[in-house]
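The structure under discussion appears below in the form of structure tokens.
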Amino acid sequence: MIIRRILFSIATLALLFAGLYTGEYIFYIGFALLVSVLIYAIVTNIWVLVDFKYLQSISPEKTSKGKDATLVMQIHNDKPLIFPFIKIYYKLPDSVFTGKLEEDVLSILPFQQGEVRRDFHCAFRGSFPLGITQVEVRDMFGLFKFHIDLSKRSYYKPLILNIYPRILQLKYLPLPQIQQEGVQNNQLQKSYETAMPSEIREYRYGDPLKRIHWKASSKFQDILIMDHEMTTQPHALLYMESMPPKAPDTMAKHEIGDQLVEVVTAITHYILHKWLPLKLTVYGKNRKELSGGSPQDFQAFYDLLSEINLTSTYSVEDVMQIESQTFKQNGSLILVLHHLSYGLFNQLCIFRQNGIFPMVFLVQHRNYENKDYPKMLDDLNEKGIPSFQIYSDERLDEVLEVIL
């Protein structure tokens, strides 16, 4: 473009000097023609930018990790001039991590429109601004290039794509089966008539008196016992480790964080759909806590995990020291981590000795794997603490199928 400008300037000045030197009108005509080209190039470029019109849409506006979406951008030319060269710069979800904008080039005839359609894969969960951010135009003679940054305009409004975590259907999770004799079924609480026959039996030597069904006994003139089924309802505490603020902002960091959320989502989905009580605690910029015990509660957990900020100054050891006062015996303590220290190792062993049932899911990146972790996980398993390692590019359901 610079060479073209130089040649154009030389030709224009040459015609001007030739006209002044000879007085011939033909040189002035040529000079006027080149000046007209110059003015036309500048005016049309500025006009295109000042009156730049576009439409863009994203389909779907909400999706989940692992699925595909489509960004459609339409540039409208409602002028009687051709748009010979328009380059648009736009964001896709990957642009947030790489810092690079995507680009496409269009040439649009008068009263027509150009369209750019980009299909992309949703590889990470989160909320992502998408769409055109910058525009570059050139004239048909290749003399000038003008640029505008739409993101700095007051009217600029990007599209927002919300990508939720992927929900994995776990077939099995080795939660500790804690026998509790306790929760009476609603049918037994009402009356004998509404109880199932298998839940009432005759008195046996050694049965506690508190289990006598007095209404049924008076009706049948015999001592009958409510035979409660042994239920497995562990009190599950789920903790997810956050990232330290000083961690380098690399793609590996985002992949690990995304896997942490996906693992927690899968565990949450499994436990709540088993109708077991669960409390999720995450230390980010603020401490966030959410409790539930039924499939209907999962949506609240899902919404929280889709937008959680995984940045915290608290390590897992710090969190365990803060939270350990609330741990209950015979309850499940599930940790989803990306870092396992020897201090935390000792804490988990102490919890297990005190009647708490820890479980560890350790997320690792293949390029930054710690060689000490496999041995530490093996030692935890030997001590009765189920521990699993999962890489950032794996699926938890597939990993558990192979291991279990």
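A few remarks follow.
- Summing charges over neighbours of R366, with a neighbour being any other residue whose Cβ is under 13 Å away from its Cβ, gives -3 when K and R count +1 and D and E count -1.
- Selected from D119, D222, D249 as most flexible by GNM, with the chain as the system and alpha-carbon contacts under 10 Å: D222
- Point-charge dipole on Cβ atoms (K/R +1, D/E -1) for the chain, about Cα centre, debye to 20: 740
- One quarter of the convex hull surface built on the alpha carbon atoms of the chain amounts to 30.9 nm², the projected area averaged over directions.
- Listed by chain and number, the lysines whose alpha-carbon sits under 19 Å from that of K65, ignoring those within fewer than 8 places in the same chain, are K91, K253.
- Of Q325, Q299, Q353, the residue with the greatest mean-square motion in the GNM of the chain, using alpha carbon springs below 10 Å, is Q325.
- For region 145-155, 3J(HN,Hα) computed residue by residue from phi via the Karplus equation (6.51, -1.76, 1.60; θ = phi - 60°) reads 9, 10, 9, 9, 9, 5, 5, 9, 7, 5, 8 Hz, glycine and proline entered as x.
- Within the full protein context, the accessible area of S9 is estimated at about 60 Å² for a probe radius of 1.4 Å.
- Region 121-136 - phi-based ³J(HN,Hα) in whole Hz, Karplus 6.51/-1.76/1.60, Gly and Pro as x: 9, 8, 8, 9, 7, x, 10, 10, x, 10, x, 5, 10, 9, 9, 10
- Helices in the chain, meaning DSSP H runs of at least 4 residues, each add -39500 (n - 2.57). Divided by all residues, the mean residue ellipticity at 222 nm is -10500 deg cm²/dmol.
- For region 72-148, average projected area of the Cα convex hull in nm²: 5.7
- Rolling a 1.4 Å probe across all protein chains gives R125 an accessible area of roughly 40 Å².
- Long-range HN-HN contacts of Q364 with modeled amide H, under 5 Å: I390, Y391, S392
- The listed residues F85, F128, F111 rank as F111, F85, F128 when sorted by accessible area, largest first, using a 1.4 Å probe.
- Volume in Å³ per residue [convex hull over Cα atoms, computed for region 1-145]: 109
- Part-to-part distance (alpha-carbon centres) for region 348-368 and region 375-404, which is given in Å: 10
- Accessible surface for H76 stands near 50 Å², nearest 10, in the context of the full protein assembly shown (1.4 Å probe).
- Evaluating 6.51 cos²θ - 1.76 cosθ + 1.60 at θ = phi - 60° for every residue in region 244-258, the Karplus couplings come out as x, x, 8, 5, x, 7, 10, 5, 4, 4, 5, 5, 5, x, 5 Hz, glycine and proline recorded as x.
- Gyration tensor over the Cα atoms of region 244-389: the corresponding equivalent ellipsoid has semi-axes (square roots of 5 times the eigenvalues, largest first) of 22, 21, 15 Å.
- Sequence of K65, K371 when ordered by accessible area, the most exposed leading, probe 1.4 angstrom: K371, K65
- Given K87/K145; K171/K288; K53/K87; K53/K79; K246/K285, the pairs whose alpha carbons are separated by over 18 Å: K171/K288
The values are calculated or read from the model by the stated rules, or taken from the named source; none is laboratory data. Note that the structure is a prediction, hence the values are computed from the model and not measured. Please note: Cβ atoms are built from the backbone with ideal geometry, for glycine as well, and neighbour counts cover all protein chains shown. Calculation scope for accessible area: heavy atoms of the full protein, side chains included, ligands and nucleic acids excluded. Shrake-Rupley method; radii C 1.70, N 1.55, O 1.52, S 1.80 Å.
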